[in-house]
Amino acid sequence: TNTVEAVIDVSPIPVDVAITPDGSRAYVLSTLFDEFSLIDTSTHEVDETAALGDGRRVIFSPNGELAYLLGSEMISVIRTETNTIEAAIPENGCDMALTPDGRFLYVQDYTFETGDLVVYDTATLTPVETVSDIGGCGIAIAAKPPSIDVDIDIKPGGSGNSVNPKSQQRIPVAILTTQSFDAVHVDPASVVFGPGAAREAHGRGHVEDVDRDGDPDLLLHFDVRDAGIRCGDTRAALHGETFDGLDVSGSDSIRTVSCK
């Protein structure tokens, strides 16, 4: 409704606010006392304050375990469980952003006309790349699109999709081309099948018209034991990526046999 639901008193001169990934808390950064006001989002009340140094921006890791506080001389890495600083990066940045998987931190320095963009590995807090002389101030990283649902056919051409989990044979699985998806765009090397995440047995895929509809499909083969299918399982799933890095996933029904 875009209406004001509550007004919350926080530390003076708030300059930034961020919500934890689980939505349970809001961190409000104030500059007068260089502290955070931590708000319980279910009650709209400040339940804690934490003095963590000067800052102008705060962001969270995808799992919410870490917060990154951008200050005038450094970026502080904060453990949110205890709200304590556990590491620091010497960097005078004007903005920062994390990749969706949390592996890399992009920091833009404060030289507006000739500023650099520095990429840090969050595991080691060391720079891995620098893009020079980009100017301006402001970073936005696009989120990876959601996984694409694809049609797959386990044991194409057969009926019942019977699978013997104890078998030492290979099971064929086809990714089918449809009006909205071209199966040959899938990278066979990226594909895993079943609970055991089996890889393609030949290390490559086979392009053929499996369902005889005039479109090329991608046929893959997996070792049954590597797939980790268990007696009683009724479906098996496949996951992978296209050559462009888009996630794909699909599943098909199965019937386990020879389990007694």
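When each of R230, R225 is tested for being part of a helix (DSSP H, G or I) and open to solvent by 70 Å² or more (accessible area, probe 1.4 Å), the lone residue that passes is R225.
Go through the stretch 118-161 and report how many residues are farther than 19 Å from I229 by Cα, among the aliphatic types (A, V, I, L, M) and in a strand (DSSP E or B). Selection size over the stretch 118-161: 5.
Screening A189 with (1) under 21 Å from the mean Cα position of the chain (by Cα); (2) in a helix (DSSP H, G or I); (3) surrounded by 15 or more Cβ atoms within 10 Å (Cβ to Cβ) gives one miss only, at (3).
Across the stretch 114-130, what is the number of residues that are under 21 Å from Y68 (Cα atoms) and open to solvent by 70 Å² or more (accessible area, probe 1.4 Å)? Residues meeting the conditions: 6.
Here's the yes/no breakdown for (1) over 24 Å from P62 (Cβ atoms); (2) among the hydrophobic types (A, V, I, L, M, F, W, C); (3) in contact with a helix residue (DSSP H, G or I) (Cβ under 9 Å, 6 or more places away or on another chain):
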| position | (1), (2), (3) |
| --- | --- |
| V118 | no, yes, no |
| V128 | no, yes, no |
| I134 | yes, yes, no |
| Q168 | yes, no, yes |
| P172 | yes, no, no |
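The set of residues in the stretch 198-214 that are of a type in the set (D, E, K, R) and open to solvent by less than 60 Å² (accessible area, probe 1.4 Å) comprises E200, D209. Using the structure shown, decide if P195 is farther than 30 Å from M74 by Cα, touching a Gly at 6+ places or on another chain (Cβ under 8 Å), surrounded by 12 or more Cβ atoms within 10 Å (Cβ to Cβ) and not aliphatic (A, V, I, L, M). Criteria met by P195.
For the stretch 22-55, filtered to residues that are out of contact with any strand residue (DSSP E or B) (no Cβ under 6 Å at 6 or more places or on another chain) and under 21 Å from G102 (Cα atoms), the residue that is least open to solvent (accessible area, probe 1.4 Å) is G23. Kindly provide the set of residues from the stretch 162-184 that are crowded, with 17+ Cβ neighbours inside 10 Å, over 27 Å from the mean Cα position of the chain (by Cα) and part of a loop (DSSP other than H, G, I, E, B), ordered by number. Matches in the stretch 162-184: P165 only. No other residue among D209, D252 is modelled with pLDDT of 95 or more, within 17 Å of D149 (Cβ to Cβ) and not small (G, A, S) apart from D252. Which residues, taken from the stretch 221-245, are among the basic types (K, R) and without any contact (Cβ under 8 Å) to a residue 40 or more places away in the chain? Result: R235, single match.
Look at the stretch 113-153 and say how many of its residues are aromatic (F, W, Y) and farther than 23 Å from A88 by Cβ. Within the stretch 113-153, residues that are aromatic (F, W, Y) and farther than 23 Å from A88 by Cβ number 0.
Among the residues of the stretch 131-161, those that are surrounded by fewer than 11 Cβ atoms within 10 Å (Cβ to Cβ) and within 30 Å of M96 (Cβ to Cβ) comprise S132, D133, G138, A140, A142, A143, P145, P146. Which ones in the stretch 80-105 are open to solvent by 70 Å² or more (accessible area, probe 1.4 Å) and not in a loop (DSSP other than H, G, I, E, B)? Of everything in the stretch 80-105, those that are open to solvent by 70 Å² or more (accessible area, probe 1.4 Å) and not in a loop (DSSP other than H, G, I, E, B) turn out to be I85, E86, P90.
The values are calculated or read from the model by the stated rules, or taken from the named source; none is laboratory data. Just so we're clear, the structure is a prediction, and the values are computed from it rather than from any experiment. Every residue, glycine as well, gets a Cβ built from its backbone with ideal geometry; the counts of neighbours run over all protein chains shown. For the accessible areas, the whole protein counts, side chains as well, though only heavy atoms, and no ligand, DNA or RNA atoms are used. Shrake-Rupley method; radii C 1.70, N 1.55, O 1.52, S 1.80 Å.
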